[in-house]
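The values are calculated or read from the model by the stated rules, or taken from the named source; none is laboratory data. Bear in mind that the values here come from a model prediction, so they are computed numbers and not experimental data. Cβ atoms come from the backbone with ideal geometry, glycine included; neighbour counts cover every protein chain shown. All accessible areas refer to the heavy atoms of the entire protein, side chains included, with ligands and DNA or RNA removed. Shrake-Rupley method; radii C 1.70, N 1.55, O 1.52, S 1.80 Å.
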Amino acid sequence: KESGYAAWLHYSRNSKVEKLPAWCRVIVVHGTDEVLQSAASELQHGLTSMFGQQPKISAVPVNTPFIALGTFPEHPLVAERFSAKEQAEVSAEGYRIRGIEMPDPAYSASHGNDDIKGQYVTIAGQTSKGVLYGVFHLLRYLQGGLDGKLKPTTESVHVPILDQLSNPANSIRMINHWDNMDGSIERGYAGGSIFYDNNAFTTNMERLRDYARLLASVGIQALSINNVNVHQVETELITDKFLPDVAKVAAVFRAYGIQIYLSINYASPIQLGGLTTADPLEPAVAEWWQTKAQEVYAAVPDLGGFVVKADSENRPGPFSYGRHHADGANMLADALQPYGGRVIWRCFVYNCKQDWRDRKTDRARAAFDHFKPLDGLFRENVILQIKNGPMDFQVREPVSPLFGALESTQILLEFQIAQEYTGQQKHLCYLVPQWKEVLDFDTYAQGKGSTIKRIVSGALHSPKHTNYGIVAVSNIGADTNWTGHLLAQSNLYGYGRLAWDPDLSADEIADEWVRLTFGRQGNSDGGTDLISTLKQMLLDSWNVYESYTAPLGVGWMVSPDHHYGPDVDGYEYSMWGTYHFADCWGIGVDRTTATGTGYAGQYFSPNTDIYESTDTCPDELLLFFHHVPYTHLLHSGQTVIQHIYDTHFEGAERAAHLRDTWVSLRGQLNAAMYEQVLERLEHQAEHAKEWRDRINTYFYRKSGIADQKDRPIY
Ligand code: GCU
């Protein structure tokens, strides 16, 4: 527990409760479905751990209060506790939890009183997955003390009369692993892969099972298990060599309602099949994939499908054959269709061999320019995966204009939980507020209220919307605490919660996570000061990180390749399309339609007009859309150059303050957890000074303009 391995599922002993409350002594579970069994055993484990006594699992109702788990169609006891209307309100993966009072025959008899009532709790869904999510809800509730009413003190404690209905907003709630089979993780900051080592699959199924539990506890139900850049060895994942291993991994996750996907190499027909081409319109290529799909689905019948990064950052794709991406995606989709498989096709397609002298090409435009013309051409089982911003997971970017522009194409929104550009899990950066801004952004695609969350859930454009949702790049690895920085667990937790319910606030999610993680651990009983202080640290952290790194939406001032630490010109003369154009007069990228690259014109009105003009462009995105002099006055009333100085000085101070706040909590935290986080916060405070001085000095030297407050710049 001290290491953080159990994360938010540590189920610490509730010392205020002597023994198992009467209502949770028996779990009645109807059906042999393995997801239902996982639900029952998780509940049994959680209750045992919190209350010090093991509940029984029974297949039949007992003569005392119990918790019933089951689906409406299969569990008569469950069905009778909800009206037909109440049942119909639950969606495929949603759940209903209800606590009711009923006569308790056994207790009444032993006390010679006919009237004694017992608490009966029912957790129900249309499917066993729904039941599993309901179980995790109840456990969260019991573990986090998430309701004020629940103050059990003795065995006679009553269950709170819960009445909960919860349906996920997004049908697909997915995580992408960028794990390579040699055990490394592309952009991994928490140790090696938990899936692979030394070009073989792990034998540590226990660790995978615990990962599946963590994911299921926040409603994740899809997982791609290898890097989108599919190298030599991983190309063979779809062959006999590895399919039996894939099947074993799939089995572990299946028990928790999670479907596995594989990233595939578009050039597989050449590399594995010995064909001379991977042209999607060449019949031999399509046939090769059909045979391949048959083989793959024979091994893993419920494989989710393929994730494809094509024609992107030197990966092969249909462009080599003069074909477009609908040709490529549809050919694969046809191969997977008989098995119910999906093709998840990434839109991260841009020219990564750009000449920095070329001021016309704008990487930000690329996804829209490539995919907007293909809207409506994709098969039913193709989903386009679109990064949240037009560039690449910078600390601040506008929302990708492709959202809303695609009206007849199913989509997934891609976030990055891994902190590639946001401190690499050495710096604290709680990303939920950033994701919330994206999800709440109004595209005006169909007038006011066309928010990103309504687009990605399918609600805006599609009546059925089963092939819609959210996906994110994983931040976990083999480190004992999963995420390297213990507090980075909040991003994994928060991502799952938000994918389930994008209406939750960053504050609510932080509150839950802090209570679940730090409530009743170590020296703490989860006192309100501890909870609110930790929560505030999380909520401030994205803004703190932004303030001492790249200013006003400009991005990319990082060291090339590994992307850690400041290097203002690190990407300035590169071929990656990542420029800030700072000179002695000013800085920023002119993306207006009037004088720039025209990117601002990819948005719907009024966003397009808001971004087009410096009068209306929000300060935090100014340099993303405009090239301005250092003396340009922001809406804040500050000049650009003074803003850079101020935010960088303040940012470094605020980073130091994060560390000091943590130190002030020392007495309330268990020692091991305290130490592991302290080390990171100390590093962050130091590194923030490096950022501050590098950025301030660069701009002082470029602009020749002094800091109004005369602070040290070098
Ligand atoms: C970023 C990241 C790469 C990754 C790519 C992608 O560019 O740095 O490592 O492969 O995104 O999303 O495909």
Checklist entry - Given (1) within 16 Å of the ligand (Cβ to nearest atom); (2) more than 25 Å from E234 (Cα to Cα); (3) open to solvent by 20 Å² or more (accessible area, probe 1.4 Å), where does A366 come up short, assuming only one miss? => result (3)
Next on the checklist: Kindly evaluate N227 against the criterion of being more than 23 Å from W345 (Cα to Cα) and not small (G, A, S).
Outcome noted: no
Next on the checklist: Can you list residue pairs whose Cβ atoms sit under 7 Å apart, with the first residue in region 650-675 being closer than 24 Å to K709 by Cβ and the second being outside any helix (DSSP H, G or I)? Count only pairs 6 or more apart in sequence or on different chains.
Outcome noted: L658/L428
Checklist outcome for this item: Going through region 94-115 in order, the residues found to be assigned to a loop (DSSP other than H, G, I, E, B), surrounded by 17 or more Cβ atoms within 10 Å (Cβ to Cβ) and at pLDDT below 80 are none
Item to check | Residue list for region 369-389, filter: open to solvent by less than 60 Å² (accessible area, probe 1.4 Å) and either more than 15 Å from the ligand (Cβ to nearest atom) or of a type in the set (S, T, Y) (or both) | outcome: F371, L374, D375, G376, F378, N381, V382, I383
Checklist entry - For region 574-681, which helices (runs of 4 or more DSSP H) that fit wholly inside it have 1 or more residues that are closer than 30 Å to A367 by Cα, under 32 Å from the mean Cα position of the chain (by Cα) and of a type in the set (D, E, K, R)? => result 607-612
Next on the checklist: Please go through (1) within 16 Å of the ligand (Cβ to nearest atom); (2) open to solvent by less than 10 Å² (accessible area, probe 1.4 Å); (3) of a type outside the set (D, E) for H231 and return the number of the only condition it doesn't satisfy.
Outcome noted: (2)
Checklist entry - Is there a residue being under 25 Å from V399 (Cα atoms), outside any helix (DSSP H, G or I) and open to solvent by less than 20 Å² (accessible area, probe 1.4 Å) anywhere in region 529-549? => result yes
Next on the checklist: So, R173, is that one open to solvent by 30 Å² or more (accessible area, probe 1.4 Å) and closer than 26 Å to Q425 by Cα or not?
Outcome noted: no
Item to check | Considering residues of region 247-261 that are small (G, A, S) and in contact (Cβ under 8 Å) with a residue 24 or more places away in the chain only, the residue nearest to the ligand (Cβ to nearest atom) | outcome: A250
Next on the checklist: Criterion first (more than 16 Å from the ligand (Cβ to nearest atom), charged (D, E, K, R) and open to solvent by 30 Å² or more (accessible area, probe 1.4 Å)) does R209 satisfy it?
Outcome noted: yes
Checklist entry - Within region 331-341, can one find any residue that is within 16 Å of the ligand (Cβ to nearest atom) and at pLDDT 95 or above? => result no
Item to check | Positions within region 311-330 being open to solvent by less than 10 Å² (accessible area, probe 1.4 Å), more than 11 Å from the ligand (Cβ to nearest atom) and touching a strand residue (DSSP E or B) at 6+ places or on another chain (Cβ under 9 Å), in sequence order | outcome: G317, H325, A326, G328, A329
Item to check | Selection status of D182, open to solvent by 30 Å² or more (accessible area, probe 1.4 Å), over 30 Å from G99 (Cβ atoms), among the charged types (D, E, K, R) and within 16 Å of the ligand (Cβ to nearest atom) | outcome: yes
Next on the checklist: Tell me which strands (runs of 3 or more DSSP E) are completely within region 301-391 and hold 1 or more residues being small (G, A, S), or say none if there are none.
Outcome noted: 305-308
Checklist outcome for this item: When (1) modelled with pLDDT of 95 or more; (2) surrounded by fewer than 22 Cβ atoms within 10 Å (Cβ to Cβ) are applied to S462, the one that fails is (1)
Checklist outcome for this item: Within region 614-638, the residues that are in contact with a Ser or Thr (Cβ under 8 Å, 6 or more places away or on another chain), among the hydroxyl-bearing types (S, T, Y) and open to solvent by 30 Å² or more (accessible area, probe 1.4 Å) are T631
Checklist outcome for this item: Among the residues of region 423-442, the number that are surrounded by fewer than 24 Cβ atoms within 10 Å (Cβ to Cβ) and part of a loop (DSSP other than H, G, I, E, B) is 3
Next on the checklist: Being open to solvent by less than 10 Å² (accessible area, probe 1.4 Å) and either over 33 Å from the mean Cα position of the chain (by Cα) or in contact (Cβ under 8 Å) with a residue 40 or more places away in the chain (or both) is the filter here; which residues of region 48-59 pass it?
Outcome noted: M50, P55
Checklist entry - Which condition does F403 not pass, out of (1) part of a loop (DSSP other than H, G, I, E, B); (2) of a type in the set (A, V, I, L, M, F, W, C); (3) open to solvent by less than 10 Å² (accessible area, probe 1.4 Å); (4) within 16 Å of the ligand (Cβ to nearest atom), if it passes all the others? => result (4)
